[in-house]
Amino acid sequence: MDIFNALMAGFATAITPANLLWALVGCALGTAVGVLPGIGPAVAVAMLLPITAKVDVTASMIFFAGIYYGAMYGGSTTSILLNTPGETASMVTAMEGNKMAKSGRAGAALATAAIGSFVAGTFATVVVTLFAPYVADFAVKLGPPEYFMLMVLAFTTVSAVLGQSSLRGMTALFVGLAAGCIGMDQISGAARYTGGKMELLDGIDIVLVAVGLFAVAEVLYAAMYEGKVEESQNKLTRVHMTKRDWKRSWPAWMRGTLLGTPFGCIPAGGTEIPTFLSYATEKKLAKGEDKAEFGGKGAIEGVAGPEAANNATVTAALIPLLTLGIPTSNTTAVLLGAFQNYGINPGPQLFTSSAALVWALIASLYIGNVMLLVLNLPMVGLWVKLLKIPRPQLYAGILIFATVGAYGMRQSAFDLFLLYGIGLLGVIMRRFDFPTAPVVVGMILGPLAEAQMRNAVSIGEGSWWIFLQRPMSLTLIIIVLAVLIIPRVLKRLSEAKQAREASAA
Amino acid sequence: MSDSFQDLARAAEAAQVSAYADPDEPQSPNVPSKRAQTIVGSGVLLVAVGLAVGALQIPSDSGYGGVGPNFLPWLCAIVLAVCGALLIWEARSGGFRHAADPGGHAKADILSFVWVSAGLLINAALIGTVGFIFSCTICYVLAVQGLRRAAHQPQASEIGTWVKDVITGLLISAPVFWMFTQFLAINLPGLTQTGWL
């Protein structure tokens with residue numbers, strides 16, 4: 001009952017006209033950045049972080065949350081209508097969605113994606129509502145050693161498990177951790193890597209890194225390597241689902257949601273695994289005529305399932321963010337940065353110390369999902385028009401917004417030069433296939449993890465055995481090792497099996 | 001389940017995320033050369049050395065905790081040194097493993113890069129003196145010119161296009177400036193003290 005009352009109080013805050021307006025603007029802006037190529041939710045939130053200096057915390061968090069999940073709705077529109085897959089999360093949607101659009105069923109694909117996102121987003125919000133307070137209650141009992149190990153788990157999955165190469169993931173992670181070291185050490189106050197520059201004493205702002213790595217790098221990369229992009233746009237048909245579409249979509253939405261939610265809850269991150277798993281499941285379960293549509297005319301289950309899984313994961317990822325203060329993606333890392341700008345550190349205390357804020361945020365998720373359904377179903381034609389903006393103008397325009405984000409934070413021209421440098425780094429990373437999420441997560445979580453580690457070792461009176469002596473911390477170490485070792489062993493085994501089969505043949 | 005995973009792998013390949021599992025397999029022409037990869041690996045190694053040199057200047061005083069402020073910097077330096085060495089080794093022995101095609105052309109368009117870079121750097125240099133609106137307009141115009149040239153638009157250097165780009169740049173930067181300074185009270189530099197220019 002407590003939860004219900006708290007949620008109702010949250011709704012009371014979230015439905016004030018000003019907050020509703022923030023949510024609406026956030027959702028609309030999120031959908032727009034989702035639709036537009038070259039700019040994602042992480043960079044949109046990062047560019048707007050300077051508003052944290054003036055706007056009230058509840059309003060800005062509602063606004064940022066709107067951008068965060070609005071982008072997921074918008075992303076599917078682009079992946080269905082354009083023949084160029086964007087980010088990994090919507091790539092799975094693109095596989096079948098594109099084929100449906102080519103065979104004249106773009107409307108049905110868009111509808112199943114939007115409604116599936118709504119169903120999954122709402123379900124996952126219910127999960128956040130019901131479980132986040134319990135996770136927070138449990139997390140209060142965790143000490144620095146356990147926290148540190150949880151963060152190590154997040155680092156491990158973000159860098160070593162997701163992505164093509166553990167080596168490049170680890171390199172990216174440690175570049176992020178090293179960048180997080182720059183500035184004044186928060187425990188001892190010692191200056192690290194400032195080179196005597198006053199500007200660096202406060203550290204490098206997350207805005208610079210996110211905007212530089214994503215926005216500036218994207219524009220530079222487009223100028224250097226992409227040149228003329230041959231794009232063909234599929235025709236938008238009436239957004240409508242037949243009775244058969246509904247019958248095929250429902251179970252896929254449900255399965256996608258059930259697959260995605262747990263993946264979001266664990267501090268491991270990534271929408272790739274749940275969306276791919278959902279796709280594989282739908283393909284496996286489809287029968288007869290429906291199965292034949294996979295890879296041919298485009299099967300609606302192949303859009304409905306992954307899209308639901310994607311949204312469920314993204315929404316449920318708020319649980320580790322709010323209750324443990326552990327971000328598992330670029331966008332949640334930037335959201336954590338937004339909280340920090342207000343001097344709030346997400347974690348178990350958040351539900352007691354900033355209860356009004358948290359519940360207003362959760363209530364706004366319900367409201368935002370409804371808004372997004374309206375924004376994305378009847379008004380989809382409006383968003384599709386955004387795809388007509390020519391690339392040179394769009395990309396050059398992004399640079400103006402990047403300047404606002406980078407300069408608006410501290411009014412320092414030095415930051416703009418740094419932004420360019422980080423942009424160059426981003427180009428190299430993209431070209432050489434280094435993942436960027438570990439840099440951002442490492443940079444923002446690094447200082448927190450370092451503090452927990454140093455506190456933990458202090459508790460152990462200088463002994464590192466403390467991590468092995470506490471059962472929960474030991475369990476987490478075992479999980480980290482399992483996450484690192486099991487996939488490799490399985491891969492070796494399957495390679496050995498293939499080699500045996502090949503030699504037998 | 002394995003069948004459908006094989007299908008999935010094929011589908012992923014069709015969606016242009018082909019990964020190269022075997023270092024002996026020929027890599028896509030867009031995957032940078034082994035020489036370039038070696039340079040990147042060396043760069044990581046160099047960063048590690050820089051971090052180590054910097055770490056020497058950080059006090060090691062750990063108080064009663066046992067871990068001082070120089071611990072993480074040293075850890076980063078050591079791990080990045082190992083990563084750099086391994087990257088060089090990978091580059092020398094068949095190239096970075098599982099390197100996905102980064103997309104786009106094999107060769108960089110240096111001229112377009114210079115245009116966009118000039119826009120960004122001039123913006124950084126001028127923003128304090130000529131104000132946000134004009135500085136960002138210059139940045140926009142130079143960047144869009146670079147991107148037009150990258151896209152082989154023959155009309156890029158025509159005077160009409162330049163005028164159009166200047167107007168578009170002003171039409172984006174001025175409202176952005178007003179929105180952020182007037183409504184959100186964020187400090188952005190103006191040419192005058194009026195708050196409108």
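The values are calculated or read from the model by the stated rules, or taken from the named source; none is laboratory data. Computed from a prediction, not measured in an experiment: that's the story for all the values here. Note that we place each Cβ from the backbone using ideal geometry, even for glycine, and neighbour counts take in every protein chain shown.
The set of residues in the stretch A:13-60 that are closer than 15 Å to residue A:366 by Cα and touching a residue at least 60 places away in the same chain (Cβ under 8 Å) comprises A:13, A:14, A:15, A:19, A:20, A:23, A:24, A:26, A:27.
Scanning the stretch B:91-123 for residues that are in a helix (DSSP H, G or I), surrounded by fewer than 22 Cβ atoms within 10 Å (Cβ to Cβ) and not aromatic (Phe, Trp, Tyr) returns B:92, B:110, B:111, B:114, B:117, B:118, B:121, B:122. Of the residues screened, residue A:264 is one that is modelled with pLDDT under 90, in the same structural domain as residue A:70 (by TED's automatic domain parsing) and surrounded by 17 or more Cβ atoms within 10 Å (Cβ to Cβ).
Here residue A:400 meets the list (1) within 12 Å of another protein chain (Cβ to nearest Cβ); (2) surrounded by 22 or more Cβ atoms within 10 Å (Cβ to Cβ); (3) under 23 Å from the mean Cα position of the chain (by Cα) almost entirely, failing just condition (3). The set of residues in the stretch A:318-346 that are outside any helix (DSSP H, G or I), touching a residue at least 60 places away in the same chain (Cβ under 8 Å) and not polar (S, T, N, Q) comprises A:325, A:326, A:327, A:342, A:344. On the basis of being free of Cβ contacts under 8 Å to residues at least 40 places away in the same chain, surrounded by 19 or more Cβ atoms within 10 Å (Cβ to Cβ) and assigned to a helix (DSSP H, G or I), does residue A:94 make the cut? So residue A:94 fits the description; yes.
Conditions tested, residue by residue: (1) charged (D, E, K, R); (2) within 20 Å of the chain's Cα centre (by Cα); (3) over 30 Å from residue B:37 (Cβ atoms); (4) not assigned by TED's automatic domain parsing to the domain that holds residue B:36.
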{"site": "B:115", "(1), (2), (3), (4)": "no, yes, no, yes"}
{"site": "B:122", "(1), (2), (3), (4)": "no, yes, yes, yes"}
{"site": "B:132", "(1), (2), (3), (4)": "no, no, yes, yes"}
{"site": "B:143", "(1), (2), (3), (4)": "no, yes, no, yes"}
{"site": "B:153", "(1), (2), (3), (4)": "no, no, yes, yes"}
{"site": "B:192", "(1), (2), (3), (4)": "no, no, yes, yes"}
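Of the listed requirements (1) closer than 30 Å to residue B:61 by Cα; (2) more than 9 Å from chain B (Cβ to nearest Cβ), residue A:450 misses just one: (2).
Residues of the stretch B:1-56 that are at pLDDT below 90 and among the polar types (S, T, N, Q): B:2, B:4, B:6, B:16, B:18, B:27, B:28, B:30, B:33. The number of residues in the stretch A:435-475 that are basic (Lys, Arg) and in a loop (DSSP other than H, G, I, E, B) comes to 1. Considering the stretch B:126-157 alone, what residues qualify as being modelled with pLDDT under 95, at the interface with chain A (Cβ under 7 Å from one of its Cβ atoms) and under 19 Å from residue A:406 (Cα atoms)? Within the stretch B:126-157, B:127, B:128 meet the criteria. Residue A:384 meets the stated requirement of being part of a helix (DSSP H, G or I) and farther than 20 Å from residue A:265 by Cα.
Residues in the stretch B:68-113 that are more than 9 Å from every other protein chain (Cβ to nearest Cβ) and touching a Gly at 6+ places or on another chain (Cβ under 7 Å): B:88, B:91.
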